[in-house]
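Take a look at the structure below.
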Amino acid sequence: MLRIAIATIAVALGATAVVAQSDVIAQRREIMKGVGAATKDPGGMLKGETPFDLAKVQKALATYQDAAQKMPTLYPENSKTGGETTAAPKIWEDMAGFKDHFAKFAADAQKASAAIKDEATFKANFPAVLKNCGGCHETYRVKKS
Amino acid sequence: MKKLLVALVVLLALGAAGFWLLTAPSTYELVRGAPDVTVASAPNLENGRTLFWAGGCASCHATPGQDDRTRLGGGLALESPFGTFHAPNISPHPRDGIGGWDVASFIRAMREGVSPDGRHYYPAFPYTSYQRMGASDLADLFGFLKTLSAVEGRAPDHVLPFPYNLRRGLGLWKLAFLDGKQAQSDPSKSAEWNRGRYLVEGPGHCAECHSPRAFTGAIVADKRLSGGPDPEGKGFVPNITQHEAGLKSWSKADIAELLKTGFTPEYDAVGGSMGPVIRNTSQLGDADRGAMAEYLKSLPPVASPPRPAKKAD
């Protein structure tokens, strides 16, 4: 009886671990998709395709800060592979550097949020925030498709 | 029996002599013809600068671990299925770089993949693409490289297992895969398209990563630009033909924008080894990025090569 109980608990724990692991992968993919979606408006404004809208810009910057806070917590050791993850092994080899990138992303977004008041300050400050995207992907993401 | 042995020795000697002859760098010039190395006037440094960024020289040759993309001290390790290559110093340093070269040596290096002292270069240096460039453009590029700062120090040697450590064998590879043809413009197409094709297929050497390779290390011709396994071993390089899995849904402006800022139409920022490429293409003019996009939009759709089997988690 005890054996069965232990076995049941073990299986349950194992299952939870699997769920948790695919969960964080799905979560970080969702957050990153959200960051991309949030960039559509300001991206169009930078290209001059859509009119400048301060509220939308500030909303995007808030999304970035929120993402930069959540993301670093979603890379436990057991989430290196699985799902459709494109996380590079480098993340776990250099977790401190990886987290620094998010800290810088958050700080840059915050700085821009304070500096941006109108279209001119938007065009002067927003591109520096976007530089963080490629800078991190270059090192910590593996392209799979 | 003795006769047989003599015959065998003679055959082996003939074989070795044949190999030696076929793989000599001078044999390549005999077969393909010597490249034009006549250079008319002083280099156009502005054009040289454009070609430097289009050619992506800095991606491999810039000294790793520092931010100045024009310090070309080399040393970057490129891991490949054939072993590890180390990009050499191409700064104008007289001893460690190309400071002592003349322009004809530079043109031969870029078009024939051969060093001033007559050794073959490995095609990790993409001379299969750079051979499309003509003497005048190459002289401009060489002139521009000479204006950069001299960096001291040599890169480590390549680390290659047998038989890839035999440079001489590359002579055969070149006879098979280096056609020696300079780009010719197609009068039936627009000037923009021709410029784009030149930048993509020549200096830009896009196909070198965005194509699958055969076991010989040569690009599979009918799968050109359809993507393939990352030659550095991780992930998959995207299809950039007009296939549905490629850039079919992208507009010309989308492609030009990616080359400028690194963002896809969905505002995903490209990473991996495309990151350094964007740092180069962002330095080009809008007209050149537009031309590259114009050419890519004209490519026939080619299905991507099969993905490697997915590893079990």
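Some observations on this one:
- Förster-model FRET efficiency, 25 Å R0, B:Thr84 and A:Asp94, C-beta, rounded to 0.05: 0.75
- Solvent exposure of the protein assembly as shown as accessible area per residue, Å², 1.4 Å probe: 52 Å²
- Once C-alpha pairs closer than 8 Å and six or more residues apart are averaged by separation and normalised to the residue number of chain B, the relative contact order reads 18 percent.
- Among residues other than B:Ala124 with Cβ under 13 Å from its Cβ, the summed charge is -1 (Lys and Arg +1, Asp and Glu -1).
- Kirkwood-type radius of the range B:148-307, with distances r between different C-alpha atoms, in Å: 17.5 Å
- Among the helices of chain B, those built from whole DSSP H runs whose Cα atoms reach 24 Å or more along their own axis and whose mean Kyte-Doolittle hydropathy is at least 1.0 are B:2-22.
- 3J(HN,Hα) along the range A:29-45: 5, 4, 4, 5, 4, x, 5, x, 4, 5, 7, 4, 5, x, x, x, 5 Hz, from the Karplus curve 6.51 cos²θ - 1.76 cosθ + 1.60 with θ = phi - 60°, whole Hz, x for Gly and Pro.
- When chain B is treated as a GNM with alpha-carbon contacts under 10 Å, the residue of B:Thr216, B:Thr264, B:Thr241 showing the greatest mean-square fluctuation is B:Thr216.
- For the protein assembly as shown, calculated [θ]222 nm from helices alone, where every DSSP H run of n ≥ 4 adds -39500 (n - 2.57): -16000 deg cm²/dmol
- Summed residue charge, Cβ within 12 Å of B:Leu148's Cβ, Lys/Arg positive, Asp/Glu negative: +3
- Base-10 log of normalised Debye intensity for chain B (one unit scatterer per alpha-carbon) at q = 0.09, 0.12, 0.15 Å⁻¹: -0.49, -0.86, -1.33
- Share of alpha-carbon pairs per 10 Å distance bin for the range B:243-313, given as whole %: 19, 43, 30, 8, 1
- Residue with peak Gaussian network fluctuation, chain B [Cα springs, cutoff 10 Å], from B:Pro265, B:Pro116, B:Pro161: B:Pro161
- Theoretical gain in end-to-end length, B:Val10 to B:Ala218 [0.36 nm per residue, Cα-Cα removed]: 71.6 nm
- Principal semi-axes of the equivalent ellipsoid, √(5λ) from the alpha carbon gyration tensor of the range A:32-117, are 29, 15, 9 Å from largest down.
- Sequence-distant residues sharing a close amide H with B:Val237 (under 5 Å, placed H): B:Gly228, B:Asp230
- For the range B:207-221, 3J(HN,Hα) per residue [Karplus equation, 6.51 cos²θ - 1.76 cosθ + 1.60, θ = phi - 60°, Hz, x = Gly/Pro]: 5, 5, 9, 8, 9, x, 10, 7, 4, 6, x, 8, 5, 6, 4
- The modelled label-to-label distance for the pair A:Ala124/A:Asn78, using points 7 Å beyond Cα in the direction of Cβ, is 5.1 nm.
- GNM top mover of B:Pro88, B:Pro35, B:Pro187 - chain B, alpha-carbon springs below 10 Å: B:Pro187
- Cleavage-rule hits, trypsin sites (Lys or Arg not before Pro), the range B:163-222, DSSP coil, Cβ neighbours within 10 Å at most 10: B:Lys181
- Local electrostatic count at B:Ser185 - Lys and Arg +1, Asp and Glu -1, tallied over other residues with Cβ under 10 Å: +2
- Rounded, prolate or oblate (a/c below 1.5 giving rounded, otherwise prolate when a/b exceeds b/c) for the range B:14-182 by Cα gyration tensor: oblate
- Cut-off of 10 Å, at most 13 other beta carbons, DSSP loop: longest stretch of chain B lacking such GluC sites (Glu not before Pro): B:1-151
- Once the Cα gyration tensor of the protein assembly as shown is diagonalised, semi-axes √(5λ) in Å: 44, 31, 21
- Hz values of 3J(HN,Hα) by residue in the range B:63-80 - Karplus curve (6.51, -1.76, 1.60), Gly and Pro given as x: 4, x, x, 8, 8, 7, 6, 9, 8, 9, x, x, x, 4, 8, 10, 8, 9
- Summarising the amide proton neighbourhood of B:Ile98: residues at separation of 5 or more, or on other chains, whose placed amide H is nearer than 5 Å comprise B:Ser91, B:His93.
- A versus B: buried accessible surface, summed, Å² (probe 1.4 Å, to nearest 100): 1600 Å²
- Using a Förster distance of 51 Å, the FRET efficiency for B:Asp36-B:Lys2 (Cβ separation, nearest 0.05): 0.45
The values are calculated or read from the model by the stated rules, or taken from the named source; none is laboratory data. Because the structure is predicted, anything quoted here is derived from the model rather than measured. For neighbour counting, all protein chains shown are included, and Cβ atoms are generated from backbone atoms with ideal geometry for every residue, glycine included. Each accessible area value is taken on the protein alone, full model and side chains, heavy atoms only, with ligands, DNA and RNA left out. Shrake-Rupley method; radii C 1.70, N 1.55, O 1.52, S 1.80 Å.
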